[in-house]
Amino acid sequence: MQHPPPEEFALKETAPKIAGSGKYAGDKLTTTYDLVEQMQYLYVRVVKAKDLPPKDATGSCDPYVEIKLGNYKGVTKHFEKKSNPEWDHVFAFSQDRIQASFVEIVVKDKDVVKDDFIGRISFELIDVPKRVPPDSPLAPQWYKLEDKKGRNLNTARSCSPSGKEPRRTSVSRTPGILTLPRLTGTACQRFGEKFISPRNFGGVCKGGVGESVSEPFEEALMLTVEDRGNKDEVLGKCLLPLYSVQRRWDNKAVQSKWHNLEKHTVVDGEKKEAKFASRIHLRVCLDGGYHVLDESTNYSSNLRPTANQIWRSSIGILELGIISAMGLSPMKTRDGRGTTDAFCVAKYGNKWVRTRTIIDSFSPNWNEQYTWEVFDPCMVITIGAFDNGILQKASNDSRIGKVRIRLSTLETERVYTHSYPLIALHPSGVKKMGELQLAVRFSCTSYINMLHKYSQPILPKMHYVHPLSMGQTDRLRHHATQIVSTRLARAEPPLRKEVVEYMLDVASHLWSVRRSKANFFRIVNVASGFVGLTKWLDAICHWTNPLTTLLIHVLFVILILSPELILPTTFLYLFIVGIWRYRRKPRHPPHMDIRLSHANAVTYDELDEEFDTFPTSKVSNLVRMRYDRLRSIGGRIQTVVGDLATQGERFHSLLSWRDPRASALFVTFCLITAILLYVIPFQVVALLIVFYVLRHPRFRTKLHSMPANLFRRLPSGADSML
């Protein structure tokens, strides 16, 4: 496999022409749109028409609208046999592509051979009013249609959804800003009685934490009591409206209540109305003190509890400017050529935003700015780029790439303008899909409160008072993802399920050889510091550099004779190391690293396995080969875990008398050592130990020491393993 050079995936610093590149001024909680370049667009919104003249022999018409602006044209869908159609379609034209002085709006009748002309309107662009955020949108207005000779028809084309006569026209040239609505928090249910089967939203939960639901609570919770000894006979059902259930956001006890159980009776095959069967004593509540994680457990963009009663005030504001993209790869074909209709989605906290779609461009310019309140600096904002598949009626929106930025890695009040590589992993290997230019600024309202956050628990209090099990957390995370997908699918424009799952890393828990290797090398990298320290001490003990070893002798003698200097010297050393490394601190925010992800050295077979469906769709021979490989990898992990367990069990066996002779030797050694330590001063013992450890190589032997030999001979649980 050909591996691309890592320089291609590097982060690049840019210098866009934005006002925010200077010192930030003004109220920190006020958005000034200074992180993006101002762009102008001509928006034409076609709302509806009324009383269109008939054009067909049947006395009706099949109308549609055509927008013409120079060489560019936009067409709405057509309605069959409708003289009062409603389109509510918006067209946007960038100022860079406008090559005409007027825009023409033509209403036509769809026909098999040639479309018939109904009427038209034209506007001079110089007369079109301008709107700049945060100005309110311009209201639609009715206009008279003209024939080909410029005479008014008796019909009118509408740009007003209400039919009222507004004061302003319906077209504007303005920067576009589109945000998705904020999502309310999700809540979970707790049930104490295990014989109850709560059924809600198609799921079943028996005891413990139930399914994740979100406000508004439109559905009810159905509790069913069954007799398992009599073919699961239903003894009664209890319907609990969720809006009436007590809410809890602390660890206080919930009051229990009696509820009626009802049972339907069947007479002559007909279901009669429910009758009172019995009563049941329940303790039910909606727990809002939890945070239902809808992202990876290693990072999150939202750590607030679901109950807004215990929310804390914000500590700052995050501003994101999605400026442009460069060098995007073609994601589909249109008219025999490659094209991309790109849009971006950003998520931070429970607020999702989506840019407009730039049609047929490999270097789209969005220049849209968004703002979030920050409640915790140690959270991550995710920005994803996608190709719009709705325009070609595709089955899904193709992913281009994404960027994750942790706020704690950003300096406050500084504007970061970088071009981030959009990296995607395909069955053919890792590929750079383009670059995304962003401007990011994190402004802090209270530096003391932000530093205080570092000492606070990450998750809400209920996670520690009544912790959720791993299975419950996974189940709730799954339901939370489904809820978010359903909510955003109803937005305008909608966010498809595959977009939400890609932003939330839904498939990150599935097995992957590449991820396993990447995590292994991460552990090796973390342990490299300890390995380096061990090698350094070994070099000192073997007198590789005699001068350094003599200096270490002097340092140890000073510390042992003055033990009160050990801790101050240790922390002073850490302080000096931290100050020394300050000049080499990272100057750029983190980005997707192909080396860290082990994406630059992955094989085709490993990628094919990673992109396989779950359950697998491969042939049996290939599955058998991968299963054997997985067994080989699992065998190595099993051996390492067994070795670690063996060492721990040997420590336990020192005093467990499983080997009576070894335990007798160790107990005798402990008695003699205790007597000597009572008699000999501690400084002398420490000096003897240091001099013994740092002894010259001529006094050393390659054989293991007596304590090591004793430890290796101790028994462990491996002797009893099958």
Among residues of the range 556-578 being of a type outside the set (Val, Ile, Thr) and loosely packed, with under 11 Cβ neighbours inside 10 Å, the residue farthest from LEU687 (Cα to Cα) is GLY578
Quick test of your reading of the structure: SER300 fulfils all but one of (1) closer than 23 Å to HIS418 by Cα; (2) in contact with a Lys or Arg (Cβ under 9 Å, 6 or more places away or on another chain); (3) surrounded by fewer than 22 Cβ atoms within 10 Å (Cβ to Cβ). Name the failing condition by number. (2)
For the range 256-281, which positions are modelled with pLDDT under 80, assigned to a loop (DSSP other than H, G, I, E, B) and not hydrophobic (A, V, I, L, M, F, W, C)? HIS264, THR265, ASP268, GLY269, LYS272, GLU273
Could you tell me whether the range 651-672 includes any residue that is over 27 Å from LEU555 (Cβ atoms), more than 34 Å from the chain's Cα centre (by Cα), outside any helix (DSSP H, G or I) and touching a residue at least 24 places away in the same chain (Cβ under 8 Å)? yes
Let me spell it out: the conditions are (1) of a type outside the set (Asp, Glu); (2) closer than 20 Å to ARG700 by Cβ; (3) modelled with pLDDT of 85 or more, and LEU551 meets all of them except one. Which number is the exception? (2)
Only one of ARG496, ARG581 that is more than 30 Å from LYS702 (Cβ to Cβ) and outside the structural domain of ARG404 (by TED's automatic domain parsing): ARG581
Among the residues of the range 403-422, are any in contact with a helix residue (DSSP H, G or I) (Cβ under 6 Å, 6 or more places away or on another chain) and of a type outside the set (Asp, Glu)? yes
How many residues does the range 44-75 contain that are surrounded by fewer than 19 Cβ atoms within 10 Å (Cβ to Cβ), under 42 Å from the mean Cα position of the chain (by Cα) and among the β-branched types (Val, Ile, Thr)? 1
Tally of residues being in a strand (DSSP E or B) and farther than 16 Å from ILE359 by Cβ across the range 56-86: 6
Odd one out for ASN621, checked against (1) of a type in the set (S, T, N, Q); (2) touching a residue at least 24 places away in the same chain (Cβ under 8 Å); (3) not in a loop (DSSP other than H, G, I, E, B): (2)
ILE448 fails exactly one of the following numbered conditions: (1) under 28 Å from ARG406 (Cβ atoms); (2) surrounded by 11 or more Cβ atoms within 10 Å (Cβ to Cβ); (3) in the same structural domain as LEU422 (by TED's automatic domain parsing). What is the number of that condition? (2)
Options SER395, SER363; residue that is part of a loop (DSSP other than H, G, I, E, B) and either farther than 19 Å from SER94 by Cα or in contact with a Cys (Cβ under 9 Å, 6 or more places away or on another chain) (or both): SER395
Mind telling me which of the residues ARG487, ARG477 ends up being of a type outside the set (A, V, I, L, M), surrounded by 17 or more Cβ atoms within 10 Å (Cβ to Cβ) and at pLDDT 85 or above? ARG487
Determine the pairs where a residue that is touching a residue at least 24 places away in the same chain (Cβ under 8 Å) and under 13 Å from GLU498 (Cα atoms), located within the range 377-405, has a partner that is assigned to a strand (DSSP E or B) and among the basic types (Lys, Arg) with Cβ atoms under 6 Å apart, the partner being 6 or more residues away or on another chain. GLY384/LYS402; PHE386/ARG399
One residue is enough: does the range 596-612 have a residue meeting the conditions within 30 Å of HIS426 (Cα to Cα), in contact (Cβ under 8 Å) with a residue 12 or more places away in the chain, in a helix (DSSP H, G or I) and among the aromatic types (Phe, Trp, Tyr)? yes
Kindly check whether there is at least one residue in the range 111-129 that is closer than 30 Å to GLU37 by Cβ, under 37 Å from the mean Cα position of the chain (by Cα), modelled with pLDDT under 85 and surrounded by 12 or more Cβ atoms within 10 Å (Cβ to Cβ). no
So, in the range 579-600, exactly how many residues are on the phi < 0 side of the Ramachandran plot and surrounded by 10 or more Cβ atoms within 10 Å (Cβ to Cβ)? 12
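The values are calculated or read from the model by the stated rules, or taken from the named source; none is laboratory data. Here the structure is a predicted model, which is why all the values come from computation and not from measurement. FYI the Cβ positions are ideal-geometry reconstructions off the backbone, even for glycines, and counts take in every protein chain you see.
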